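A.B. asks: Starting off with a structure, shown below.
Nothing in this text is a laboratory measurement; each read-out follows from the coordinates by a stated rule. These numbers were taken from a predicted model, which means no experiment stands behind them. No Cβ is skipped: glycine too gets one built from the backbone with ideal geometry, and neighbour counts run over all protein chains shown.
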Amino acid sequence: MRRTAFWFVIGLAVLGLSVGLVTAQSTGAEILVNRDGVNVRLFPAIGAEVLGFVEAGWRAPATGRSPDNQWIRIDFNGEEGWIGFPTINLFGDINALPVADPRSIPYGGFESPRSGLSSASGPVSGKLVDSGLRVRGGPSRAYPVLANAPRYTIFPLLGRTANNAWVQVNFEGTLGWVAIRYVQILNNASILDLPIDGIVADQAPLSEATATDYQATLRFLLDRVDLAQPSLDAIRGIWTTIALGSRSHCGPFPARPTNYNIPNPLLAAYYPTLNPIQGLFNDAMTNVRLSIDLWLEVCRAPQPDQGVVGQATVTGALEAVNLAGQQFDELRRRINELLPPALELGPDKCLFTFQGASDVLPVVPIGEIIRDTFDPSTPVVGYCFDVNAGQSMRFEFLQVSGNATPRVTVTPFDNPTAFIANGLAVTGEKYLSVGPIIITTPGRHLLIVSHEDDFLNTLLTSDFAVLISDVTGASLTGPTLFIDPNTGQPTKGVPQVNPIVTPLPGVPTPVITCPSITLTCDFLVTCEFAQACFAAGNASLDDDGDGVPCENLCTGG
């Protein structure tokens, strides 16, 4: 029903991790270079372009860190630069620095991207007088190119870097960054009036690089490998024949496969995974072309009477063929591991994809007890369920045996980091209830159940039950899910449904009770419920402090 890979699929969603603001804001941290001749690189990787060198004693404010904490971002001569440990001493808390990587994280972070799609304009404008210019995803040549603005383009300027070396522009709806030295400021305006780090985009530049695009690209590359296989097989046969001393007829020649460069936004969004695959794919196609081109060169010149080709040529061609074959096998292995299983999903299964990884999850019915387990390799499980807008739902966890500390999280199926309910049990507690919550968006949702105790001294083991209940209109006085004292197995009770009472003249109206003091005015359907929750202690319902809760419902005071 599930695989241990699910932990990696939704680990980020469960932990609630996100990449925060990665702009050049001051954090108070500073670096000190501890040796001479240290490289400052364009992005955080060995082999990246070297922007320059710094000597021992050079100091600079630290403005960011790489995801693996091995590189620190600095401002270097108007560019973002990166210096790696252990060539520096860091003064300050590295965890206070925002996570950044121009290859894969948009400037400003995924939550507040300073590039992408925008309709914003402003009073300051600039013009490209001398040449066209690439519009990038951030203030550095390391960021992906989002658009190409031609010469004489005029665009609004919306922000600047702290060192005034780059400006944020809106080019035909694409919010990005260009180097100021190529821009003529119009109407004697000053870029100092622009906000440092610019404005937030309406939509991130990577938002179009969806999981669907990612999977489609992987399948496209896999298809291209299959299409190139006949060329590899044909040229392998030709060079094998020649190596055995036979003459081979020149023509027809195998088709020469081409390289493929993944579009920048998609490559940036999935850089750690796609970039190595792109490199391996292009190397493989290069080797196939090399072996074909060597045969073309042989055929351009008359073959010796004995049909003998130089040994060095034969050896080089066969080495290229064999290497391409190994690369084809490795490409197929890597890509197939990344693609979701190609199977027909029944009505009781759903295919969940998050950040490029996929798993098949069960679709569970409302009101039925689900039995499952945790172990050291599987500390997270997930379930799909379908609900309608307006339903009030409750989610219960009951540990039959074991040592798990459960967390229960509910999210929309298509947006697993947008939590709509989240609860964590106290260590040692066997029961956890989350809700009631009122569903605002109909359709498929995701229930994530995880173990959350990082200080567990023994191996994780847990046999548990989960219950999703529709409690619309019900009065909840205790657990619905409990252990049957006779059987020792999980069982469920039935929530008490409040009767619908029609007021009669002279008969007192029944007392209205608050369904949950966590509800906001958007979820309370009548003034009576709002007053009951306000009286129960939910002061947030009276945002103006006049004693009248939810004035959208209680308009009469």
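A.B. asks: Counting only the backbone N, which residues of segment 43-83 are under 12 Å from the spot 7 Å out from the Cα of Asp36 toward its beta-carbon?
C.D. replies: 55-57
A.B. asks: For segment 26-96, what relative contact order do you get, as a whole percent, if you take Cα pairs closer than 8 Å and at least 6 residues apart?
C.D. replies: Reported as a whole number, the value is 38 percent.
A.B. asks: With each label point set 7 Å from Cα along the Cα-Cβ vector, what nm distance links Cys299 and Ala535?
C.D. replies: Result for the modelled spin labels: 9.2 nm.
A.B. asks: Same structure again: Provide the FRET efficiency to the nearest 0.05 for the Asn259-Val50 pair, computing r from the beta carbons and using R0 = 30 Å.
C.D. replies: About 0.70, to the nearest 0.05.
A.B. asks: Taking the Cα centre as origin and putting +1 on Lys and Arg beta-carbons and -1 on Asp and Glu beta-carbons, what dipole magnitude results for segment 23-154, to the nearest 20 debye?
C.D. replies: It comes to approximately 420 debye.
A.B. asks: Taking 0.36 nm per residue of separation and subtracting the Cα-Cα distance, what length does fully extending Asn89 through Glu337 add?
C.D. replies: 85.3 nm
A.B. asks: To the nearest 0.05, what FRET efficiency results for Leu192 and Gln489 with a Förster distance of 56 Å applied to their C-beta separation?
C.D. replies: For Leu192 and Gln489, the calculated efficiency is 0.20.
A.B. asks: Another one. Among Ile191, Thr153, Ser140, whose Cα sits farthest toward the positive end of the charge dipole of segment 116-193 (+1 at Cβ of Lys/Arg, -1 at Cβ of Asp/Glu, about the Cα centre)?
C.D. replies: Ser140
A.B. asks: I would also like to ask the following. Which FRET efficiency value, to the nearest 0.05, is calculated for Thr313 and Leu351 with the Förster distance at 51 angstrom and r the Cβ-Cβ distance?
C.D. replies: The formula returns an efficiency of 0.55 here.
A.B. asks: Simple spin-label model, 7 Å along Cα-to-Cβ: Phe220 to Arg444 in nm?
C.D. replies: That separation, rounded to one decimal, is 2.4 nm.
A.B. asks: Now for a different question. Using the number of other C-beta atoms within 10 angstrom as an exposure proxy, rank Ser392, Ser125 with the fewest first.
C.D. replies: Ranking Ser392, Ser125 by Cβ neighbours within 10 Å, fewest first, gives Ser125, Ser392.
A.B. asks: Also, quick follow-up: Starting with the fewest neighbours, write out Ser121, Ser450 ranked by other beta-carbon atoms found within 10 Å of each beta-carbon.
C.D. replies: With the fewest neighbours first, Ser121, Ser450 line up as Ser121, Ser450.
A.B. asks: Rank the residues Glu80, Glu452 as a footprinting-exposure proxy: fewest other Cβ atoms within 10 Å of their Cβ go first.
C.D. replies: With the fewest neighbours first, Glu80, Glu452 line up as Glu452, Glu80.
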